[in-house]
Amino acid sequence: MHYSPQLDGLRGVAILFVMLFHAEVPCFVGGFIGVDIFFVLSGFLITTILVREYERYGSVSLKNFYARRVLRLAPALLLLLVTFCLYSLFFLDEAKAKSNYIDALISLAYLSNWARAFSVHPPDFLGHTWSLSIEEQFYILWPLMLLLMLALLKNRKTVFAITVALAVSSSLFRIYLSFIGAPVERLYNGLDTRADALIAGCALGLFLSLELAGKNGIARFRKQLFITALFSCFCLSLFVCNADWRNQNMYYIGFFAVEIFTAVLILEIVTNKEGAFALFFSRKWLVWIGSVSYGLYLWHHPVFCIIKSLGYNRLTITIAGSLITFMIAVLSFYFLERPVLSFKRYFVHKKPDSSIAPEL
């Protein structure tokens, strides 16, 4: 899959939403939906990469896939956790430091979401790692499921239909749990109750990479798609300004609507590279923010929490916290993440000998 700067621009918008939400800026009370935008985008990219590798080579190297995931995600997370533990050791009392060490271990094991869902030592300063946990758990399951479907089902429309059904099932299960009174933390943090956002992106990835609409199917509806994307963008803006993650309506329909609107927006961006949305999201400053968004996401919440614990007000948290976060994220990206990512070249698919069975 070729690099699309517009998608980095969308990442840039999403991380700004999340940062402004955690800074408690009044106009961004619904900025938490930036995480859902990340989820849909992540499912879309991962599925597109896997399907195109499968279609090209007849197999997918899961070893290479997981190695690339580790190279992309682990170094920056380890840097955060080590720094957090050292901070706890030197600046906090023994009891709080021990609690933070446990939080770090939970985050390292990618179990923060379940710790929060069932209130079993839910991480404090590292509470935001719940979304990383959901993505990692999904990365373990989805490639196996996708490859199994691609190998067994020759009709690609059936693969797409099953994927859509999985997204709807996750949404319906969330509605069911909400209806019977499950705690909001369970609804918000469970992989089973939030997987629909990731799977919606997967369905979009299948739809495009398998060309289920035909070669020119989308082009015939270019105007209608643009209008729908415009409407989706407007609705997402309303969510950012007004949504409340504790409100039950988010779990009945809100989150599902957000992922559909996001999928429509991504569809418009990637299929109309000269369109207004693609041009907006390809602005250099947005693309750059998107390129360092992983570091921004990792560091902003603990930085904000530390500044808040020192007694500073919201304005200081927003301005000083954001500046500190950007400085750390930039250093992490250029001196750690990007150098480590250079090793990804050792984990690319090499076309197997015709006498060797496809690697599944």
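Some notes on this structure:
- As a rough guide to protection, the peptides 30-42, 304-316 ranked by mean Cβ packing within 10 Å, highest first, stand as 30-42, 304-316.
- Taken over region 1-142, the ratio of Cα radius of gyration to 2.2 N^0.38 Å equals 1.21.
- All other residues whose Cβ lies under 13 angstrom from that of ALA263 are scored, Lys and Arg at +1 and Asp and Glu at -1, for a net of -4.
- Relative contact order %, region 36-274, counting alpha carbon pairs below 8 Å whose residues are six or more apart: 28 percent
- Centroid-to-centroid, using Cα positions, region 181-260 and region 274-305 are 20 Å apart.
- Relative to the longest principal axis of the Cα atoms of the chain, the long axis of helix 191-209 lies at roughly 40 degrees.
- Mean ellipticity per residue at 222 nm, deg cm²/dmol - from DSSP H runs of n ≥ 4 across the chain, formula -39500 (n - 2.57): -24000 deg cm²/dmol
- Semi-axis lengths, Å, region 109-244, gyration tensor of Cα atoms, sqrt of 5 times eigenvalues: 31, 21, 13
- Put a plus charge on the Cβ of each Lys and Arg, a minus charge on the Cβ of each Asp and Glu, and nothing anywhere else: the dipole of the chain about its Cα centre is then about 960 debye.
- Degrees separating the helix 5-22 axis from the principal Cα axis of the chain, which is the longest one: 30 degrees
- Acute angle (nearest 10 degrees) that the helix 222-242 long axis makes with the longest principal axis of the chain, alpha-carbon atoms: 20 degrees
- Sequence-separation-based contact order of region 96-229, relative, with Cα cut under 8 Å and 6+ spacing, percent: 23 percent
- The packing ranking, built from the mean of other Cβ atoms within 10 Å per residue, places the peptides 55-61, 130-136 in the order 130-136, 55-61, highest first.
- For the chain, the number of Lys pairs with C-alpha atoms closer than 21 Å, counting only pairs eight or more positions apart or on separate chains, is 11.
- Fraction of C-alpha pairs exceeding 38 angstrom in the chain: 16 percent, rounded to a whole number.
- Taking the average, over residues, of other Cβ atoms within 10 Å as the packing measure, peptides 171-184, 245-258 rank 245-258, 171-184 from highest down.
Every number here is computed from the coordinates shown, using simple stated rules; none is lab data. No experiment lies behind these values; they were computed from the predicted model shown. FYI the Cβ positions are ideal-geometry reconstructions off the backbone, even for glycines, and counts take in every protein chain you see.
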